[in-house]
Amino acid sequence: MRHFDYSRAESVDQAVATYSQAEAAAFLAGGTNLLDMVKIDIMRPELMVDVNRLGLDEIEKLDDGRLRIGTLVTNSVLAHHFEVTSQPGYAVLSEALLSGASTQLRNKATTGGNMMQRVRCPYFRDGVSACNKRDPGSGCAAIDGYNRSVHAVLGTSDKCIATYPSDMSVAMAAVGATVSVTGPEGSREIDFLDFHLLPGDKPWEEFALKDDELITHVALDAPIQGARSAYLKLRDRSSYQFALASSAVIVALDGNTIRDARLAMGGVATKPWRAKEAENALKGQPATEQTFARAAQIAMQDAKGYKHNAFKIPLGRQAIVRNLTTLTA
Ligand SMILES: Cc1cc2nc3c(=O)[nH]c(=O)nc-3n(C[C@H](O)[C@H](O)[C@H](O)COP(=O)(O)OP(=O)(O)OC[C@H]3O[C@@H](n4cnc5c(N)ncnc54)[C@H](O)[C@@H]3O)c2cc1C
Ligand code: SF4
């Protein structure tokens, strides 16, 4: 590991100011992804600004019914928090969090760090292959290489096809959320769906965050009244494994008719993938397998398979149909 300086911040303003002074800085939260990236020499911060003492580890219910989560709230605490587990509309978030990594990792991993985790593409991580995300303009070894498990079929470009890895973020995309950030010029809010960027022509730009901005909170939309929700993660083995395809589903029924629906996908796309057209195909329809199959078809209709991952197209459809079938049974 390369040498780096370390600074523990005691306030948000101090964290941002310290970060801004360094040429190449990084905020250190749980460290489970950042230190990994530093050890394999993919990220090379000269200064790590530890943000663990900022007091941003509270979960608060707001007057308008939204749930405000401090960026330092760990994945374990969020998954088991009463305000999450007591709301059927938020069950999807708890299930997504508990499907990720291991207990030990979830005890360290934070809300902000989870959102900001880097892709698991082996060419990105090996440090030598052509990779536009790591080395802009060098190409993409995955497009003609081995692209089975951590490569996408939705939202890809001819510059990058890596899947975005976070389970939690897929659930947040379905629930709806707002990200609060603070930088040297003050604070602002970003719609969660705009926070993760498509690779496009600049896959090295991954987040709608300026270099010296700190995530301080994420506010979840109030749960849909009468809704139930679930996360289904399909993967090669049952733990320590990223999704091949996942679905985050929220539905509210009036009798057997779908009154409201939210649908997001993971494991198949380059960002947390909200499938709004598919949601519209569910709303007002009977909760039948035919309705679910049609929505799944719509959700995956723009998918483009590569040499080894075309199986994700039917698998993605299956992740939607199975989740909806179980949830509405
Ligand atoms: C073996 C293994 C298996 C895993 N399996 C899964 C899985 O199945 N599903 C899944 O979703 N994840 C999985 N993960 C990833 C894990 O969830 C992430 O490593 C973790 O969530 C990152 O959170 P952290 O707090 O440790 O972030 P850190 O490592 O501290 O930071 C990650 C990045 O976010 C930045 N950052 C952190 N906080 C902020 C902030 N407040 N504002 C701005 N930038 C910030 C850091 O600078 C860094 O660039 C796995 C990880 C490992 C090691
Ligand atoms: S898929 Fe993306 S991360 Fe992987 S090699 Fe290509 S550019 Fe790099």
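Taken over the alpha carbons of segment 1-103 as equal point scatterers, the Debye sum produces base-10 log I(q)/I(0) values at 0.11, 0.17 Å⁻¹ of -0.45, -0.88. What the Cβ-Cβ distance of Asp126 and Gln290 gives, at R0 = 45 Å and to the nearest 0.05, is a FRET efficiency of 0.50. Amide H contacts under 5 Å for Ala245: Leu234, restricted to partners 5 or more places along the chain or on a different chain, H placed in the peptide plane at 1.01 Å from N. The string of couplings for segment 286-291 from the Karplus curve (6.51, -1.76, 1.60, θ = phi - 60°) is x, 7, 10, 5, 5, 4 Hz, one whole number per residue in order, with x for Gly and Pro. With the Kirkwood sum run over all distinct C-alpha pairs, the chain has a hydrodynamic radius of 20.2 Å. Amide H contacts of Ala275: Leu263, Ala264, Met265, each under 5 Å away and 5 or more positions distant or on a separate chain (H built 1.01 Å from N in the peptide plane; Pro and chain starts excluded). Please identify the trypsin sites (Lys or Arg not before Pro) of segment 1-108 that satisfy two criteria: DSSP loop assignment and at most 14 other Cβ atoms within 10 Å. Which are they? Those that pass, being in a loop and sparsely packed, are Arg2, Arg53. Mean sequence separation of contacting Cα pairs (under 8 Å, at least six apart), scaled by the length of segment 1-70, corresponds to a relative contact order of 39 percent. Structure note, pairs Lys159/Lys312; Lys39/Lys276; Lys108/Lys210; Lys210/Lys304; Lys108/Lys159; Lys108/Lys276: Cα-Cα distances above 29 angstrom occur for Lys39/Lys276; Lys210/Lys304; Lys108/Lys159; Lys108/Lys276.
Distance from a point 7 Å along Cα→Cβ of Asp13 to each backbone N in segment 179-214: keep the residues under 12 Å and list them by number. In segment 179-214, the label zone of Asp13 (backbone N under 12 Å from the point 7 Å along Cα→Cβ) covers 186. Model label sites at Asn107 and Glu189, defined 7 Å from Cα along the beta-carbon direction, differ in position by 3.6 nm. Multiplying the residue separation of Lys283 and Asp63 by 0.36 nm and subtracting their alpha-carbon distance yields 76.4 nm.
Annotation: Arg44 carries an accessible surface of approximately 140 Å², with a 1.4 Å probe and no ligand, DNA or RNA atoms counted. Each peptide in 78-89, 94-105 was scored by the mean count of other Cβ atoms within 10 Å over its residues; highest first, the order is 94-105, 78-89. Over the chain, dividing the summed -39,500 (n - 2.57) contributions of all DSSP H runs of at least 4 residues by the number of residues returns a 222 nm mean residue ellipticity of -7500 deg cm²/dmol.
The dipole here belongs to segment 183-300: it is taken about the Cα centre, uses +1 on the Cβ of Lys and Arg and -1 on the Cβ of Asp and Glu, and is about 660 debye. Prolate is the label for segment 35-91. Its Cα gyration tensor axes, ordered a ≥ b ≥ c, give a/c of at least 1.5 and a/b above b/c. Judged by the gyration tensor of its Cα atoms, with axes a ≥ b ≥ c, segment 186-329 is oblate; a/c meets the 1.5 cut and b/c is at least as large as a/b. Annotation: amide H of Thr216 within the under-5 Å range of Ser180, Val181, Thr182, sequence separation 5 or more or interchain, hydrogens built in the peptide plane. Convex hull volume of the C-alpha atoms in segment 73-210, normalised per residue: 133 Å³. Computed on segment 73-133, the Cα convex hull volume stands at 97 Å³ per residue. A simple rule links phi to the HN-Hα coupling: the Karplus curve 6.51 cos²θ - 1.76 cosθ + 1.60 with θ = phi - 60°, which for segment 7-17 gives 9, 9, 7, 10, 8, 4, 4, 5, 4, 5, 5 Hz, with x for Gly and Pro.
The values are calculated or read from the model by the stated rules, or taken from the named source; none is laboratory data. Remember, it's a predicted structure, so these values are computed and weren't measured experimentally. No Cβ is skipped: glycine too gets one built from the backbone with ideal geometry, and neighbour counts run over all protein chains shown. Side chains included, ligands, DNA and RNA excluded: accessible areas come from the protein's heavy atoms. Shrake-Rupley method; radii C 1.70, N 1.55, O 1.52, S 1.80 Å.
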